[in-house]
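One structure below.
Only the coordinates and a few stated rules stand behind these numbers; no lab work does. Just so we're clear, the structure is a prediction, and the values are computed from it rather than from any experiment. Glycine gets a Cβ as well: all are built from the backbone with ideal geometry, and neighbour counts include every protein chain shown.
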Amino acid sequence: MKKYTDEHIRYLKEISPGKLNGEITRLFNEKFDMDVTKDQIKSVRGRFYINSGVDTRFNKGDVPHNKGLKGYYAPGSEKGWFKKGNKPYQYCPVGTELMKSDGYVYIKIADPNIWKQKHRLIWEEVHGPYSTKTHVIIFKDGNRENFNIDNLQLITRKQLAIVNRNHLLSKDAALTETGLLVGKILEAKSRRKKNEK
């Protein structure tokens, strides 16, 4: 750490008002034949509470120095740009199948990066679209890689909550179908209770 004398501090107090830190640093270095940085001068001024009084914040109506330079780049930086049509090494073509961390298989349906769950695509191909806000598709046998249309079942989110709460889903497709029927009965019973109140 540099030692700043009383003379250094007096001079900084004398030259600081109305000047920016870069100019203060230049004047200080010229006067004392030193080579301190702007950050060092800023630190000293902070320690000794030497304020220049210059407000460098933008005020309403101020014009930024880079106005009209949209897309400005440093000359020479274009050497590192991606070439037009260049694809990253992890690029997957449309139609790629991928199992993601949630355990579902996804298919890329469009560029640049649009994926959809495979079981949803299969269901919609056979039965048409459905609302993902109100409905879900389950695998009757619990196997998320069995995409046979007979293994897929569309149920409401409310039904899913009931069968999950009552542990009515199974790895046996027939038992799951029975569990879904029990779930419908429980849902109807709950609805009836609410209507009686």
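Between ASP6 and ASN146, what is the label-point separation in nm under the 7 Å Cα-to-beta-carbon projection?
Going by the 7 Å Cα→Cβ label model, 9.1 nm.
Which of the peptides 65-72, 176-183 is most tightly packed, and how do the rest follow, judged by the mean count of other Cβ atoms within 10 Å per residue?
So the peptides 65-72, 176-183, ranked by packing, come out 176-183, 65-72.
What nm distance separates the two modelled labels at GLU187 and CYS92, each placed 7 Å from Cα along Cα→Cβ?
3.1 nm
As an exercise, use a Förster radius of 25 Å and the Cβ-Cβ distance of PHE32 and HIS65 to find the FRET efficiency, rounded to the nearest 0.05.
0.20
Of ASP35, ASP62, ASP102, which is the most mobile in a GNM of the chain whose springs link Cα atoms less than 10 angstrom apart?
ASP35
Under the definition of Cα pairs under 8 Å and six or more residues apart, what whole-number percent is the relative contact order of the chain?
Relative contact order here is 10 percent.
Test of understanding: in a Gaussian network model of the chain with alpha carbons linked when under 10 Å, which of ASP39, ASP172, ASP150 would top the mean-square fluctuation ranking?
Between ASP39, ASP172, ASP150, it is ASP39 that shows the largest mean-square fluctuation.
What does a probe at LYS19 reach in segment 48-91, counting residues whose amide N is under 16 Å from the point 7 Å along Cα→Cβ?
Once the point is set 7 Å along Cα→Cβ of LYS19, 50-55 turn out to lie under 16 Å by backbone N, inside segment 48-91.
Report the relative contact order of segment 120-197, percent, no decimals, based on alpha-carbon pairs under 8 angstrom and at least 6 residues apart.
Once normalised by length, the contact order is 26 percent.
Students often get this wrong, so check it: of LYS38/LYS60; LYS70/LYS108; LYS116/LYS194, which have C-alpha atoms separated by over 32 Å? Walk me through the intermediate numbers first.
Values: LYS38/LYS60 28 Å; LYS70/LYS108 34 Å; LYS116/LYS194 37 Å.
As for pairs spanning more than 32 Å Cα to Cα, those are LYS70/LYS108; LYS116/LYS194.
Given the options TYR130, TYR49, TYR106, which has the most mean-square fluctuation in a GNM of the chain, springs set between C-alpha atoms less than 10 angstrom apart?
TYR49
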